[in-house]
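Okay, structure first, notes after.
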Amino acid sequence: MPQFTAGQYVSWDHHRDGATTVQITSVDRFHITYRSADDHRESVDETMFRSLAQQTAGWRPATEEEAATFQARFRPAPENWN
């Protein structure tokens, strides 16, 4: 499993829609928490059925272009609530 760190931008590819880019906010042994460009936060948790490595196997470090696009679109909550 690649080593992910807080603050890192990562992307995963979609067959039709290009890629999704998010910013990792925290990492520990069993969880990775990330936020999207509209500051929606989600996490990936290791379970007894799927390891964290399996769940993040399609993740890759974001390209400079993807990270720049994320930064340009990012609006922290509650600014994005209107």
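Filter the stretch 41-52 for residues that are of a type in the set (A, V, I, L, M, F, W, C) and either open to solvent by less than 50 Å² (accessible area, probe 1.4 Å) or on the phi > 0 side of the Ramachandran plot (or both) and give the result.
Passing the criteria: V44, L52.
When residues of the stretch 13-31 are filtered for being modelled with pLDDT of 95 or more, more than 8 Å from the chain's Cα centre (by Cα) and within 21 Å of R73 (Cβ to Cβ), how many remain?
Of the residues in the stretch 13-31, 1 are modelled with pLDDT of 95 or more, more than 8 Å from the chain's Cα centre (by Cα) and within 21 Å of R73 (Cβ to Cβ).
Across the stretch 11-40, which residue is nearest to F70 (Cα to Cα) among those that are of a type in the set (F, W, Y) and surrounded by fewer than 17 Cβ atoms within 10 Å (Cβ to Cβ)?
Once the filter is applied, the top-ranked residue is W12.
Residues of the stretch 37-58 being of a type outside the set (D, E) and within 12 Å of Q23 (Cα to Cα), which ones?
Result: A37, H40, R41, S43.
Working only within the stretch 27-82, note down all residues that are among the β-branched types (V, I, T) and either over 19 Å from F4 (Cβ atoms) or in contact (Cβ under 8 Å) with a residue 40 or more places away in the chain (or both).
Answer for the stretch 27-82, where residues must be among the β-branched types (V, I, T) and either over 19 Å from F4 (Cβ atoms) or in contact (Cβ under 8 Å) with a residue 40 or more places away in the chain (or both): T56, T63, T69.
In the stretch 31-48, how many are touching a Leu at 6+ places or on another chain (Cβ under 9 Å) and part of a loop (DSSP other than H, G, I, E, B)?
1
Could you pull out the residue among Q55, Q8 that is under 10 Å from the mean Cα position of the chain (by Cα), open to solvent by less than 60 Å² (accessible area, probe 1.4 Å) and not hydroxyl-bearing (S, T, Y)?
None of the others qualify; the one that does is Q8.
The values are calculated or read from the model by the stated rules, or taken from the named source; none is laboratory data. In this text, all values refer to a predicted model and were calculated from it rather than measured experimentally. Using ideal geometry, Cβ is built from the backbone for each residue, glycine included, and neighbour counts are taken over all protein chains shown. For accessibility, only protein heavy atoms count, side chains too; no ligands or nucleic acids. Shrake-Rupley method; radii C 1.70, N 1.55, O 1.52, S 1.80 Å.
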